[in-house]
1. Taking the Cα atoms of the chain, what is the range of coordinates along each of the three principal axes, in descending order and whole Å?
2. Taking the C-alpha atoms of the stretch 201-241, how large are the radius of gyration and the largest Cα-Cα span, Dmax, in Å?
3. Taking every alpha carbon pair in the stretch 253-358, what does the distance histogram look like in 5 angstrom bins from 0, in percent?
4. Please find, in a Gaussian network model of the chain (springs between Cα atoms separated by less than 10 Å), the residue of K369, K270, K217 whose mean-square fluctuation is greatest.
5. Average the reciprocal distances over every distinct pair of alpha-carbons in the stretch 38-173, invert the result, and give the Kirkwood radius in Å.
6. Hey, can you rank 240-246, 112-118 by average C-beta count inside 10 Å, highest first?
7. Testing the spin-label approximation: label points 7 Å from Cα along Cα→Cβ at R387 and R16. State their distance in nm.
8. Note down the magnitude of the dipole of the chain about its Cα centre, charges +1 on Lys and Arg C-beta and -1 on Asp and Glu C-beta and zero elsewhere, to the nearest 20 debye.
Amino acid sequence: MKSGGEAEKVSLFFYRTIIPPIFIRIWVSLSIFAQNLRTDMKKIILTGDRPTGRLHLGHYVGSLKRRVELQNSGEFDKVFIMIADAQALTDNADNPEKIRQNIIEVALDYLSCGLDPEKSTIFIQSQISELTELTFYYMDLVTVQRLQRNPTVKQEIQLRGFAENNDAGDNRPGIPVGFFCYPISQAADITAFKATTVPVGEDQEPMIEQTREIVRKFNSVYGETLVEPEILLPDNAACLRLPGTDGKAKMSKSLGNCIYLSDTEADVRKKVMSMYTDPGHVRVEDPGKIEGNTVFTYLDAFCRPEHFQEFLPDYAGLDELKAHYQRGGLGDVKVKKFLNSILQEELSPIRERRKAFEQDIPAVYRMLKEGSDAAREVAAATLADVRKAMRINYFDDAELIAAQSCRFKGE
Ligand code: TRP
């Protein structure tokens, strides 16, 4: 009896104390293994622009230039570049022609900056109807309140003059529902391609955060399906948000303060020579301010040490130029000419390439169609995963049909 009790104790001890940690260990190593599989995950880029106008220097330093470098780095398994026409329509429903006209402008800007359809899939958002379906399912995972808290959406509502509430006497147009929901559609854009990396400007940070939340929510409700993306911001502070030529916080077409990638040499020179500097710097000998001085912000974004040997050999570098300006004795014109030389050097090859691509517009549309076809295949595969995870793939689900059949037979 006694020894039987002992044996029972031993076996209890064995089952309660020895076995659980072994199970935990197995479980932990399995999850580490799964995690390793995930870190082995493909590196995929997705990013894009709304085709509401030609692209300008703000787009270039904020994202475009980096995209080309990433494309050529060979570090990424896939690069998807999207012309976000459907998103552009969310606040341009009454002017679809504007979007239609600008798709080709953006495509030409892409190609002339060095995005290469051999290495990147360039496509048009509206041609991928799978994105709309994903958006519709993701809408169930986001609250109206969460969308209202999105700082970029908030700011854009103000900027566009949409009425925010129903106050009597506020005759401004209300917020289009599609516009309000565009962060959700952006989450669909990113996740449809299982993007790991989204190179964008700082203003897009809240969109990526919202995407990550949607991914986490989806995966926790329906099981691991979607990939959580990371934002990739420009590493140079001046590139984060390049001001307009008038010194206003942002380049924007409506403010007329942009330098476009497709501007002629004379346009660029004229815009640089009339740039906002330090209004207190009247005479050459006056001390000048660097902070808020657009010309110096642009130099921070574009100037490299070799530009001094090339265009301004009297100075060793940007710090020396800044110091001279602050001390007094350095005129705006000299600094502006220096900036102009740098910008022309950067922009002239882009301009030349654009001219060449403009010679064969049908080929550009063919490239966009091929890109869209390829993108659609990828998005369709993700949509199939999503439907399967949500278990709304009824007709592929033999088990469901069999179970229902038993249920109705009363088996
Ligand atoms: N919202 C972006 C812009 O205004 C464009 C965009 C749409 C985008 N979908 C995207 C950017 C997905 C990155 C990823 O410029």
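1. Sorted from largest, the Cα extents of the chain read 106, 56, 53 Å.
2. When restricted to Cα atoms, the stretch 201-241 yields Rg and Dmax of 13.2, 42 Å.
3. Each 5 Å bin holds this share of Cα pairs: 2, 12, 22, 22, 19, 12, 6, 3, 1, 0.
4. With Cα springs under 10 Å in the chain, the top fluctuation among K369, K270, K217 is at K270.
5. One over the average 1/r among Cα pairs gives 17.3 Å for the stretch 38-173.
6. Per-residue Cβ counts within 10 Å, averaged per peptide and sorted highest first, yield 240-246, 112-118.
7. Here the answer is 5.2 nm between the modelled labels.
8. On the way: 52 positive and 60 negative charges, 126 e Å.
In total the dipole reaches around 600 debye.
Coordinate-derived values only; no laboratory data. No experiment lies behind these values; they were computed from the predicted model shown. Cβ: placed from backbone, ideal geometry, glycine included. Neighbour counts: every protein chain shown.
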